[in-house]
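Colleague: Pasting a structure below so you can have a look.
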Amino acid sequence: MNVSERDHSAEAEVGRAALVGEPPVADFDRFYREQYRAVVGLAYALTGSRTAAEELAQDAFTTTFRKWSTVSGYDNPEGWVRQVVANASRSWGRRKGAELRALTKFGGRREPLVELAEPANDFWAAVRSLPTRQAQVVALHYLEDRPVDEIAAILDLGPGTVKKHLHRGRAALARTLDEPIETDSVDPAERSKP
C-alpha cells in the first residue's frame, strides 16, 4: 500500500466513524500517545511491577477505546482513564495478596524479580504499603503533580477527603522513611483542614 492509498484509507475510516456518530479513531490515537506513558507511570507507582503496570495501562486504554464515543465527550477523559487504572491497580493488589497467601499456605516460594536499583524505590515501596486510597492520592500528587481538585475528580472523592488522605499518607511516609514532615511544603489550604 503506497502513501496515497494509506491516506485515502485513513480518510475513509474517519468518514465511516463520522457517519455512525463516533469520534474518529485518530482522536483516540492522539489521546493514547499523549497519555500512555503517564498512565503506565501511575500504575507502576501503585503496583511496583513494570509488567503489571503495562498490562493494567493497556487494559485501561482498551476499555477507554471501547467507550471512546462516550469518554471523548467527557470534560476530563485523562482523569477517566486514570480512574480506571487506579481501580484496576487496587484489584491487582487484592489478587496479588490472594496469590501470596495461597503460595504461603502451600509452601511455595516465589523469588522476587530483580530490578535495577532506583533512588525512588524505597519511597514508592512505602507508598504501596499505604492504604489504597492514600496510595492513589499520593501517587497522583507526587508522580503527576496534580492538585487536590483534579485528584478529587479522578478518584471521585471530595476535595476534603483527598486532603485528608494526602495528609495521612504524608505522615505515614514520614514515619516509614524516618523523615521529618515538611510543613512548609504543605499547601496552606491543605493545612486548614485535618
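The values are calculated or read from the model by the stated rules, or taken from the named source; none is laboratory data. On a predicted model such as this, the values are computed, not experimentally measured, just so you know. Every residue, glycine as well, gets a Cβ built from its backbone with ideal geometry; the counts of neighbours run over all protein chains shown.
For every residue, the table says whether it meets (1) charged (D, E, K, R); (2) out of contact with any Lys or Arg (no Cβ under 9 Å at 6 or more places or on another chain); (3) buried (at least 17 other Cβ atoms within 10 Å of the Cβ).
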residue	(1), (2), (3)
Trp124	no, yes, yes
Val127	no, yes, yes
Gln134	no, no, yes
Val138	no, no, yes
Tyr142	no, yes, yes
Asp156	yes, yes, no
Gly160	no, no, no
His165	no, no, yes
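Colleague: While we're looking at this one, here's another question. Since Glu34 meets every condition but one in (1) at pLDDT below 90; (2) part of a helix (DSSP H, G or I); (3) touching a helix residue (DSSP H, G or I) at 6+ places or on another chain (Cβ under 9 Å), which condition does it not meet?
Modeller: All conditions are met except number (1).
Colleague: So Thr70 passes all but one of these: (1) surrounded by fewer than 20 Cβ atoms within 10 Å (Cβ to Cβ); (2) under 19 Å from Arg33 (Cβ atoms). Which condition number does it fail?
Modeller: Failing condition for Thr70: (2).
Colleague: What pairs come out if I take residues in the range 49-62 that are over 11 Å from Ala88 (Cα atoms) and pair them with residues that are among the aliphatic types (A, V, I, L, M) and in a helix (DSSP H, G or I) whose C-beta lies under 8 Å away, six or more apart or interchain?
Modeller: Glu54/Val40; Glu54/Ala43; Phe61/Val39; Phe61/Val81
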